[in-house]
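These notes are about the structure you will find just below.
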Amino acid sequence: MKIILKEDIIGLGYKNEIVDVKPGYGRNYLIPQKKGVIASPSAIKQLEENMRQQAHKIEAQKAAAQKRADQLEGVVVEVAAKVSTTGVLYGSVNKNTVAEELAKKGIEVDRKIITMHDIKSVGEYEATIHFYKDVEVKVPVKVVAENKEELAAAAAAVEEKPAEEVAPVEETQEMIDEKEVLEDIASAE
């Protein structure tokens with residue numbers, strides 16, 4: 001089923017694009033939510049006429065999006081989060097967190113245009129911000145431990161604690177019999 005999108009839908013397409021979707025998705029979600037219309041010949045002609053008339057507006061929007069994207073060049077988002085002794089986060093860092101950190105730096109970005117997987121451990125990752133159809137920026141996201149002192153103390157405590165000695169296991173008659181059976185099977189093959 002061909003649909004003309006009336007707004008940007010990440011993962012599907014951008015406003016005024018003609019996309020092919022499953023009939024149920026188009027009839028039950030896109031059309032009732034006013035996110036798209038059926039791509040009939042008359043609707044396609046109307047879309048082409050509107051696109052021709054709005055060409056200068058689209059160029060202005062693209063230029064504005066490129067300007068916002070240029071603001072993010074060289075920006076690194078650093079997120080401090082509580083971490084367990086194994087390096088796993090308590091909770092996760094997601095696109096909401098990245099949007100909040102960018103807002104603290106004075107760059108307002110809607111969380112809906114950010115794409116990334118939830119981060120659950122310390123390290124360096126990447127978030128993609130889609131400003132416009134062809135304008136997207138990859139922003140590095142660095143997750144660091146908020147509680148470094150606690151982690152260092154826990155690591156020192158583990159190092160200081162002497163390792164417990166493990167008593168050697170004495171072979172029982174059952175273990176000896178089992179070994180003999182396995183050796184017999186191996187020699188038979």
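Some notes on this structure:
- Among residues of the range 84-132, those that are assigned to a loop (DSSP other than H, G, I, E, B) and aliphatic (A, V, I, L, M), counted: 4
- Annotation note: of Ala99, Ala55, the sole residue that is of a type outside the set (Asp, Glu) and exposed (fewer than 12 other Cβ atoms within 10 Å of the Cβ) is Ala55.
- Of all residues making up the range 1-27, the number that are outside any strand (DSSP E or B), surrounded by fewer than 17 Cβ atoms within 10 Å (Cβ to Cβ), in contact with a helix residue (DSSP H, G or I) (Cβ under 9 Å, 6 or more places away or on another chain) and not basic (Lys, Arg): 3
- Matching entry among Val109, Val139, Val135 (being touching a Leu at 6+ places or on another chain (Cβ under 7 Å) and modelled with pLDDT under 90): Val109
- Selection of the range 58-83 for residues being open to solvent by less than 60 Å² (accessible area, probe 1.4 Å), part of a strand (DSSP E or B) and either touching a Pro at 6+ places or on another chain (Cβ under 7 Å) or within 14 Å of Val139 (Cα to Cα) (or both) yields Val77, Val79.
- Test set (1) exposed (fewer than 13 other Cβ atoms within 10 Å of the Cβ); (2) over 24 Å from Ile113 (Cβ atoms); (3) modelled with pLDDT of 90 or more - Ala39 fails condition number: (1)
- Leu47 being of a type outside the set (Lys, Arg), under 26 Å from the mean Cα position of the chain (by Cα) and open to solvent by less than 80 Å² (accessible area, probe 1.4 Å): no
Residue-by-condition table, conditions (1) more than 26 Å from Tyr14 (Cα to Cα); (2) of a type in the set (A, V, I, L, M); (3) touching a helix residue (DSSP H, G or I) at 6+ places or on another chain (Cβ under 9 Å):
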{"site": "Glu73", "(1), (2), (3)": "no, no, no"}
{"site": "Val79", "(1), (2), (3)": "yes, yes, yes"}
{"site": "Ser84", "(1), (2), (3)": "yes, no, yes"}
{"site": "Asn96", "(1), (2), (3)": "no, no, yes"}
{"site": "Glu101", "(1), (2), (3)": "yes, no, no"}
{"site": "Lys105", "(1), (2), (3)": "yes, no, no"}
{"site": "Arg111", "(1), (2), (3)": "no, no, yes"}
{"site": "His117", "(1), (2), (3)": "no, no, no"}
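- Total residues in the range 56-89 satisfying the condition of being more than 15 Å from Asp134 (Cα to Cα) and of a type outside the set (Ser, Thr, Tyr): the figure is 18.
The values are calculated or read from the model by the stated rules, or taken from the named source; none is laboratory data. Owing to the predicted nature of the structure, the values given are computational and were not obtained by experimental measurement. Positions of Cβ are backbone-derived with ideal geometry, glycine not excepted, and every protein chain shown enters the neighbour counts. When the accessible area is computed, the model is the full protein with side chains, heavy atoms only, and any ligands, DNA or RNA have been set aside. Shrake-Rupley method; radii C 1.70, N 1.55, O 1.52, S 1.80 Å.
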